[in-house]
1. Among Ile325, Leu350, Ala380, whose Cα projects farthest towards the positive end of the dipole of the range 299-395, with charges put on the beta-carbon of Lys, Arg (+1) and Asp, Glu (-1)?
2. Just how far, in whole angstrom, is the range 7-72 from the range 224-271 if you go by their alpha carbon centroids?
3. For Gly150, what charge total do you get from the other residues with a beta carbon under 11 Å from its beta carbon, if Lys and Arg give +1 and Asp and Glu give -1?
4. Students often forget the sequence filter, so: which aspartates and glutamates lie under 20 Å Cα-Cα from Lys111 once same-chain residues fewer than 8 apart are removed?
5. If I take every Cα pair under 8 Å that is 6 or more residues apart in the chain, average their sequence separation and divide by the length, what percent do I get for the relative contact order?
6. Just to be sure I understand the curve: with the Debye formula and one point per C-alpha of the chain, what is log10 I(q)/I(0) at q = 0.09, 0.11 Å⁻¹?
7. Taking each full run of DSSP H in the chain as one helix, which ones are at least 30 Å long along their axis (Cα atoms) and have mean Kyte-Doolittle hydropathy of at least -1.0?
8. Which aspartates and glutamates have a Cα less than 13 Å from the Cα of Lys181, not counting those fewer than 8 places away in the same chain?
Amino acid sequence: MRNWILFCFFAAIPSLAMIERFLEVILPYLSTAPLGEVVPIIQGLYVLVLWFGARYYIDLICRVSSDKIDTLFFLLLSAFFLAFLLVYPLADSGQLGFSSDRDEAIDIAVKQALAGNYPYLCKAVSGIHDGCPNLGNPIAPLPGALLLAGLFVMLGGSALQNLFWIAVFYIVLRRQLDDRKLPAVYLSTLLFFSPVLIAEILTGGDHLANSLAVTVALVLALSAVTVRGWILSGVLLGIALSWRAHFLLVAIPLMVHHLRFNKFRELLSVGAAAAVSFALVTLPFWIIDPVEFAPIHIQQRFNDFRHLLPYGDVVGIMFSAAVGIVLGFWANNREELLIACGATIIAPILLAVLLHSVTLGYLTFMFYGWYALTGLMLGALGAIMHENTCDRPDR
């Protein structure tokens, strides 16, 4: 039961934010009912569907043979690719009522870097993928994102990378886990019952790709048994961490867990490789122009809540570190360590949700809750692995 609660928790938080945002856009066209009355009802219904529907779906799909489940999963992935080709152009143009500059930021930055220009002098603007806009939002992704997304930008745009990382994630899980059905069961369950993933895929957001890249690197690192495996997975982890800065929080539970169980070789090998690759990818951009290196400056979100929480950024870091230390010490195995990493990543996000809700006077997930997607893949994977999924006695 505990693991199912955790799975639903990680799956639900960002989707509750997505539902709130979706209703804000479409409700004025459908009804005159106040948003504050409709949102909690729809969100409550979603939680019920997730709790009961996802469990029923897992029971059903676990009866499918391993060979057929592979085929079904890649058919599902192909369907999402076709949906992406149809929906993304509409979302990118703003015709669906949503606007985002996440993939635009990476596209502009990569193209500027390839042209020999400093990418962080530019701004990100929804719907603009070329040039160097002077007005808009700062470019948030760290240089690792530019490196990993470079090929996709050259092929047409970074929005393509979500489906690629889903496929990579699936293949890695198939190779590293004993349960051959788990990768397809896990991913298809989330795609059906955590609609924020669909929104990310169809709108080209990079949070899902970042979360998948970090999770892939961690699964490889925690599954490796040789120094070579630890170093290679550590290199990938360091590059993946050089994407969004708050993913660096995973270092806390990882370090505590490895120190507790005297896994010094693993910690040193993976940690050193990750630190070196992170530094090699990131520091040159910071050294060139530390003033204009936007990813550092935009991380200070808690400053928006000074009226509620003085020194908010310091408190947020201390709170997240405390969560990481406690959960890293609590984790006794790989599954619990993945849960600890996912929970540590979303700890500051949940704090921001709380502060934002207090500021507005009502519970809202809409702005900050979406970022909980960054901890979803790690936390939900650990929970469903601990649940034993298709190998449970009642199946």
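Read the figures in this text as sums done on the coordinates, not as results from a lab. Quick caveat: nothing in here was measured; it's all calculated off a predicted structure. We place every Cβ from the backbone using ideal geometry, glycine too, and count neighbours over all the protein chains shown.
1. Checked the options; the winner is Leu350.
2. 33 Å
3. 0
4. Counting by Cα, and skipping residues close in sequence, Lys111 has these aspartates and glutamates nearby: Asp92, Asp101, Asp103, Asp130, Asp206, Asp289, Glu292.
5. Averaging sequence separation for qualifying contacts and normalising by length gives 22 percent for the chain.
6. -0.53, -0.81
7. Membrane-span-like by this criterion, though nothing is claimed about a membrane: 2-30, 66-92, 264-288, 334-360.
8. Those aspartates and glutamates meeting the cut-off are Asp59, Asp67, Asp70, Asp391.
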